[in-house]
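The values are calculated or read from the model by the stated rules, or taken from the named source; none is laboratory data. In this text, all values refer to a predicted model and were calculated from it rather than measured experimentally. Here the Cβ positions follow ideal geometry from the backbone for every residue, glycine too, while neighbour counts run over all protein chains shown. When the accessible area is computed, the model is the full protein with side chains, heavy atoms only, and any ligands, DNA or RNA have been set aside. Shrake-Rupley method; radii C 1.70, N 1.55, O 1.52, S 1.80 Å.
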Amino acid sequence: MTEHSSLEPSTIRALHSAAAGLVLLSLLLVASTFLPSTEAAATSLTGSTAHDVVTLTVDRPRTGHTEVEVRLSPLAPGSQAPSADPAVVTLQAVLPTAGHAGPETVALPTGNNRYRTEPVHLMAPGRWIFLVSVDRGATRDQYEFPLTLAG
């Protein structure tokens, strides 16, 4: 005994087209999660002490991996000059609300009083604190830069 479909060929074609459209839409949604986001531009924050003016720039202030640059700027006339010792700049990203602290990383000098870290992993959205230390032999200055990250 042979069974015959009660659906017309045009109805079957319409169902196939709808299924293909749903598959394509699903693939586009999945692919869009892996595309780079252009929403977040680099963010810069500045702090200072008697020894340095420090600018911290986070390349991609969103969750995931990002590079961070630290720039030491010349001081204004009349302020205490830093020592002649070369600076060692370290950075640590902390998310206090989650009890998470990344490893302290030494930023590598790139010239012109600029230092760059290896990519820093920012695992979750929230209010992060970037702890920057500038060591010059006898002096060590520490800076805290708060930055809220979106998802």
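Give me the one-decimal nm value for the distance between modelled label points at His65 and Ala42, 7 Å along each residue's Cα-to-Cβ direction.
Output for this residue pair reads 1.9 nm.
Need one value: the accessible area of Arg13 in square angstrom, 1.4 angstrom probe, rounded to the nearest 10.
Looks like 150 Å² after rounding.
Which length gain, in nm to one decimal place, applies between Glu118 and His100 when the Cα-Cα distance is subtracted from 0.36 nm times their residue separation? Please list the in-between numbers first.
Values: separation 18, 0.36 × 18 = 6.48 nm, distance 1.84 nm.
Answer, rounded to one decimal: 4.6 nm.
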